[in-house]
Amino acid sequence: MNPINNPFAPGAGTQPPELAGRDELRETIRIAIERVRRGLSTKSILMVGLRGVGKTVLLDRMREDAEGTGIQTLRIEAPEDRSLPAMLAPQLRQGLLRLAHNEKAKELAQRALRGLTGFAKALKLKYQDIEVGFDFPAEPGLADNGDLEHDLQALFETVGAAAKTAGTALVIFIDELQYVQEEELAALITALHRSAQRRLPVMLVGAGLPQLRGRMGRAKSYAERLFDFPEIGPLKPDAARIAITKPTADNDVTVNADALELIVTKTQCYPYFLQEWGKHAWDAAPASPISRQDVELASQSVIAALDESFFRVRFDRLTPAEKKYLRAMAELGAGPHRSGDISQQLAREVTALGPTRNQLISKGMIWSPSHGDTAFTVPLFDQFMHRILPGDDWKE
Ligand SMILES: Nc1ncnc2c1ncn2[C@@H]1O[C@H](COP(=O)(O)OP(=O)(O)OP(=O)(O)O)[C@@H](O)[C@H]1O
Ligand SMILES: [Mg+2]
């Protein structure tokens with residue numbers, strides 16, 4: 001059918017035509033944010049899940065939901081190489097400038113802006129990437145110790161006080177949180193903890209790969225109690241069907257039942273794959289309805305497309321040793337796998353492979369669901385590894 005009208009939207013962080021199966025979680029977040037605004041005890045929320053399950057689009061949708069009810073939001077994406085204070089400071093400044101428009105909160109917001117000046121100036125030596133405009137001169141003694149943990153806490157207190165007076169809350173949305181350094185995570189956790197104790201309306205809604213949970217726990221042992229970690233996974237089959245049939249029906253196109261079931265099976269209900277299969281099945285079908293044969297035809301082009309994009313970008317960032325490690329995992333199947341079994345495939349000692357495994361974890365390719373276990377963070381990556389490195393040559 002006409003690709004111009006194709007409603008499906010595969011892509012990193014691209015809003016889907018129908019955000020299926022996530023209403024309950026959105027409602028949970030809505031309640032948590034409203035509670036925080038009212039000064040009631042609430043946990044911050046960190047969504048964890050594999051690549052392509054829809055964490056980013058969910059985070060953005062939740063942010064829109066919150067903004068719609070007058071909440072002040074900040075949106076940050078943690079890249080692998082920038083410091084948390086550097087990402088936070090400019091966003092915080094904008095949020096505070098908005099708060100300063102509120103008559104009641106004006107003075108407190110300006111005080112928080114003075115705190116931000118002190119914060120950035122004091123930490124600049126350590127985090128040279130901090131760049132933020134200064135609107136007010138620093139107030140000596142306010143968030144200017146030069147110690148991130150202490151200063152962030154003080155800063156959140158002033159920001160929280162301003163938000164509270166304005167009758168709103170400040171909610172910080174951070175994506176890819178697993179990339180933030182442990183020491184910076186620790187400071188963030190402490191600052192949120194302090195705000196929660198003082199019932200100040202400051203909250204974090206974060207998203208990251210499954211290893212985030214362990215990183216938070218290592219940064220501060222009490223983190224597990226301070227946060228909820230909802231797991232974002234593949235959709236339930238019913239929601240997966242809706243993800244396909246709602247957008248098609250909106251365009252007066254139907255999908256045959258057996259075609260739909262084939263999509264559900266092939267995608268294993270992973271959101272990213274649903275978008276790809278939906279898109280290619282639409283393009284393959286000559287006219288409505290979309291048939292099973294169309295989906296079969298589409299599957300070949302989907303896999304080629306995934307191999308060229310979704311899988312490929314991740315593969316290209318790997319060293320030869322890392323590729324070999326992942327290929328050995330793939331040899332064992334989808335996983336998770338025991339470290340001993342992987343090393344056996346490679347005829348090496350477990351300890352000798354430790355550095356490679358750690359590198360792969362920090363690149364976000366694998367994670368450890370439990371001690372000694374290793375799993376892919378990218379769904380269906382095992383099958384891709386078989387396609388890109390077929391046969392036994394990789395063993396050499
Ligand atoms: N609930 C959903 N229903 C249908 N499609 C969805 C849903 N959630 C996400 N998608 C689609 O899945 C794809 C991946 O979404 P997104 O980029 O948010 O995933 P992610 O978990 O952030 O992945 P990554 O870990 O790689 O950043 C997008 O094309 C998006 O449109
Ligand atoms: Mg994402």
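Coordinate-derived values only; no laboratory data. Given the structure is predicted, the values throughout are model-derived calculations rather than measurements. Counting neighbours? That spans all protein chains shown, and the Cβs are built from the backbone with ideal geometry, glycine included.
Sort the range 269-372 into rounded, prolate or oblate with this rule: let a ≥ b ≥ c be the square roots of the eigenvalues of the Cα gyration tensor; rounded if a/c is under 1.5, and if a/c is not under 1.5, prolate when a/b is larger than b/c, oblate otherwise. Walk me through the numbers before you get to the answer.
Values: a/c = 3.09, a/b = 2.71, b/c = 1.14.
The shape class here is prolate.
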Nitroxide proxy distance, nm - points 7 Å out along Cα→Cβ at Asn5 and Lys106: 5.5
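In what order do His193, His371, His280 fall by count of nearby beta-carbon atoms within 10 Å, going from fewest to most?
Working: His193 18, His371 6, His280 24.
With the fewest neighbours first, His193, His371, His280 line up as His371, His193, His280.
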query: What's the local net charge at Glu139, with K and R +1, D and E -1, over the other residues with C-beta under 12 Å away?
result: +2
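Which loop trypsin sites (Lys or Arg not before Pro) in the range 258-348, with loop taken from DSSP, have no more than 16 other Cβ atoms within 10 angstrom of their Cβ?
Answer in residue order: Arg317, Arg348.
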message: Give the lysines reachable from Lys104 as a straight Cα distance under 16 Å; neighbours fewer than 8 places away on the same chain don't count.
response: Lys164
field: Additional length obtainable on full extension of the chain from Arg98 to Asp258, 0.36 nm per residue less Cα span
entry: 52.4 nm
- prompt: What is the order of Trp394, Trp282, fewest Cβ neighbours within 10 Å to most?
  reply: Trp394, Trp282
- prompt: In nm, to one decimal, how far is the modelled label at Tyr127 from the one at Ser41, with both set 7 Å along Cα→Cβ?
  reply: 3.0
query: Dipole magnitude of the range 243-396 about its Cα centre, charges +1 at Lys/Arg Cβ and -1 at Asp/Glu Cβ only, in debye to the nearest 20?
result: 560
- request: Of the options Met47, Ile76, Ala89, report the single residue whose Cα projects farthest towards the positive end of the charge dipole of the range 1-107 (beta-carbon charges: Lys, Arg +1; Asp, Glu -1).
  value: Ala89
- prompt: Where a ≥ b ≥ c are the square roots of the eigenvalues of the C-alpha gyration tensor, would you call the range 24-119 rounded, which needs a/c under 1.5, or, failing that, prolate if a/b is larger than b/c, or oblate?
  reply: oblate
- prompt: Hey, what angle do you get for helix 23-37 against the long axis of the chain, alpha-carbon based, 0 to 90 degrees rounded to 10?
  reply: 10
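Pick out, in residue order, every one of the trypsin sites (Lys or Arg not before Pro) in the range 140-235 that is DSSP loop and has at most 11 other C-beta atoms within 10 Å; say none if there are none.
Numbers: sites: Lys164, Arg194, Arg198, Arg199, Arg213, Arg215, Arg218, Lys220, Arg225; in loops: Arg198, Arg199, Lys220.
Hits after loop and neighbour filter: nothing returned.
Using +1 on the beta carbon of Lys and Arg, -1 on that of Asp and Glu, and nothing else charged, what's the dipole of the range 18-65 about the Cα centre, debye to 20?
Working: 11 positive and 8 negative charges, 56 e Å.
Computed about the Cα centre, the dipole is about 260 debye.
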Between the range 190-267 and the range 276-314, the alpha-carbon center distance in angstrom: 25
message: If you fit an axis through the alpha-carbon atoms of helix 237-250 and take the longest principal axis of the Cα set of the chain, what angle between them do you get, 0 to 90°, nearest 10?
response: 90
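Over all distinct Cα pairs, what is the inverse of the mean 1/r for the range 165-284, reported as the Kirkwood hydrodynamic radius in Å? Spell out each step's value before the answer.
Working: mean 1/r = 0.0575 Å⁻¹.
When all Cα pairs of the range 165-284 are included, the Kirkwood radius is 17.4 Å.
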- prompt: Does the chain come out rounded, prolate or oblate by the C-alpha gyration tensor, with a ≥ b ≥ c the root eigenvalues, rounded set by a/c under 1.5 and, if not, prolate when a/b is larger than b/c and oblate if not?
  reply: oblate
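Ignoring everything except DSSP H segments at least 4 long, calculate the 222 nm mean residue ellipticity for the chain; use -39,500 (n - 2.57) per segment, divide by total residues, nearest 500.
On the way: 17 runs with 210 residues, N = 396.
Using -39500 (n - 2.57) per qualifying helix, the result is -16500 deg cm²/dmol.
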task: Give the angle, between 0 and 90 degrees and rounded to the nearest 10, that separates the Cα long axis of helix 257-267 from the longest principal axis of the Cα atoms of the chain.
output: 60
- line: In whole angstrom, the spacing between the Cα centers of the range 11-25 and the range 371-386 equals 24
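Nothing charged except the Cβ atoms of Lys and Arg (+1) and of Asp and Glu (-1): what's the magnitude of the dipole of the range 268-326 about its Cα centre? Round to the nearest 20 debye.
Here the range 268-326 has a charge dipole of around 260 debye.
Can you check what the net charge comes to around Trp367, using other residues whose Cβ is under 13 Å from the Cβ of Trp367 (Lys, Arg +1; Asp, Glu -1)?
Working: positive: Arg51, Arg213, Arg215, Arg357, Lys363; negative: Glu231, Asp373.
Once positives and negatives cancel, what remains is +3.
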statement: So Glu183 and Thr319, fully extended at 0.36 nm per residue minus their Cα-Cα distance, gain in nm 46.2 nm
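Express in nm, to one decimal, how much length is gained between Asp228 and Leu297 on full extension, taking 0.36 nm for each residue of separation and deducting their alpha carbon distance. Walk me through the intermediate numbers first.
Details: separation 69, 0.36 × 69 = 24.84 nm, distance 4.22 nm.
Difference between extended and current length: 20.6 nm.
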statement: the range 277-293 scanned against label point 7 Å out from Gln383 along Cα→C-beta; backbone N under 16 Å for 277-281
- request: Treat each spin label as a single point 7 Å out from the Cα along the C-beta direction, and report the Arg338 to Arg199 distance in nm.
  value: 5.3
- request: Loop only per DSSP, at most 14 neighbouring Cβ atoms within 10 Å: give me the chymotrypsin sites (Phe, Trp or Tyr not before Pro) in the range 117-203, ordered by residue number.
  value: Phe134
